[in-house]
Amino acid sequence: MGRPRAPMRGTGTVAEPGRMTESKNLSARAPQRAYGEELASNYGADAAPHMVTRVLRRAELAVTELLVDRPPGRIGDLIPRQDAYMVCCQLRQKASFEYWEEGKAYKVPSLRAGDTTIHDLKRDPTAMINGPLHTMMWFVPRQALDALADEANVSHIDELRFDPRVGVDDEIIRQITASMLPALRSPEQISTLFADHVALALAAHVAHAYGGMPNSLRIVKGGLAPWQERRSKEILVANLAGNIPLAVIAEACGLSVSHFSRAFRKSTGSAPHAWLQQARVEHAMTLLRQRGQSLSEIALACGFVDQSHFTRVFTQRVGLTPGSWRRVTMR
């Protein structure tokens, strides 16, 4: 049998030298989104935990964890062509495989766990799915990169610089990916603020490291004005569950999302979602001293999903379980 070639856009065929041959390996319908369950079906994954945020001018930043233990042994469907990038961080080693862009075939060496590759979705990237796969796939549209540039008052990026066939040891992407894994596996315990913050950090790093966007951190001289800090904290405390978008708080302070995030950290020493976590714990301490509520009631009152979530976060922050802290404090 001859080597399979990449599928051509808009057909149910596979390209062979000098002729067109019907392929029975391609799915009947290409996925409509570059994340989530539709992306999972493309790779033969049983499920694909994912998260979507629109922190930048309603641009969809998304991340999907793909785990494929039983690969389908076929060429992946084409993701609909769009002005966006897919940033892939390998969660385990991936054996050498065949890869195509715009119908041209390449042989990609094996990728190590932690390696990052970037793919331009305008170039119809696809690959042979014939080996186990565990990767985090970040969907970063051009609209998000343009919004970041506008917020930093710098020129828009032309194109990202990368070779899709080469894995890059990018420690920042690796760490951001690691921080998102627990969120995808227990989404009910993750606030909107956290998801917005992590997605924004990933997009900003990609824009700076691979697009040459000036590091706008250097142009931020100070933190929030006193009224901005007071207002943002009031909004956070009034929404202890953390399900208020970062963009809403930034707008209330008259700032862009990225500017607000940096200024809030400079003023308080913490990112908004981390400050909120501490505020939850401090409010819980107040309620624990009163003895009038059970631990489960306090957990819900302080924005935690349940008592187990409350106990885990409180113990991490304080060093004692809520029950132990209450007994020690009330002696």
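The values are calculated or read from the model by the stated rules, or taken from the named source; none is laboratory data. Just so it is clear, the model here is predicted, and its values are computed rather than measured. Note: ideal-geometry Cβ built from the backbone for every residue, glycine included; neighbour counts use all protein chains shown. Heavy atoms of the whole protein, side chains included, go into the accessibility calculation; ligands, DNA and RNA do not. Shrake-Rupley method; radii C 1.70, N 1.55, O 1.52, S 1.80 Å.
Values computed for the structure shown
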quantity	calculated
Option label - volume of the Cα convex hull per residue in Å³ computed here, alternatives (i) 145; (ii) 229; (iii) 182	(i)
Lysine-lysine proximity count for the chain, Cα under 29 Å, sequence distance 8 or more or distinct chains	12
Anisotropy class of the range 142-295 from Cα gyration tensor, a/c 1.5 cut	oblate
Accessible area, probe 1.4 Å, largest first, for residues 281, 328	328, 281
Residue 151 accessible area, 1.4 Å probe, all protein chains in place, Å² to nearest 10	50 Å²
Probe 1.4 Å - accessible area at residue 94, Å² to nearest ten	40 Å²
Charge dipole of the chain about the Cα centre (unit charges at C-beta), most positive-ward option of 205, 64, 281	281
Solvent exposure of the chain as accessible area per residue, Å², 1.4 Å probe	48 Å²
Nearest-ten-degree value, helix 257-268 long axis tilted from longest Cα axis of the chain	40 degrees
Cβ charges +1 (Lys, Arg) and -1 (Asp, Glu), total dipole of the chain, debye	840 debye
Using alpha-carbon coordinates, inclination of helix 171-185 to the longest axis of the chain, degrees	70 degrees
Positive-pole candidate from 53, 179, 105, dipole of the chain, charges at beta carbon	179
Angle between the chain longest axis and helix 192-211 axis [Cα atoms, degrees, rounded to 10]	50 degrees
Added length on full extension, which subtracts the Cα-Cα distance from 0.36 nm per residue, residue 294 to residue 163	41.5 nm
Nearest-0.05 FRET efficiency for residue 70 and residue 104, computed from C-beta distance (R0 30 Å)	0.55
Shape call, the range 74-165: gyration tensor on alpha carbons, a/c limit 1.5	prolate
Candidates 118, 190, 235: whichever shows maximal mean-square fluctuation once the chain is modelled as a Gaussian network with Cα springs under 10 Å	235
Label-to-label distance, nm, for residues given as residue 112 and residue 238 (7 Å Cα→Cβ offset)	5.0 nm
Percentage relative contact order, the chain, counting C-alpha pairs under 8 Å, at least six apart	13 percent
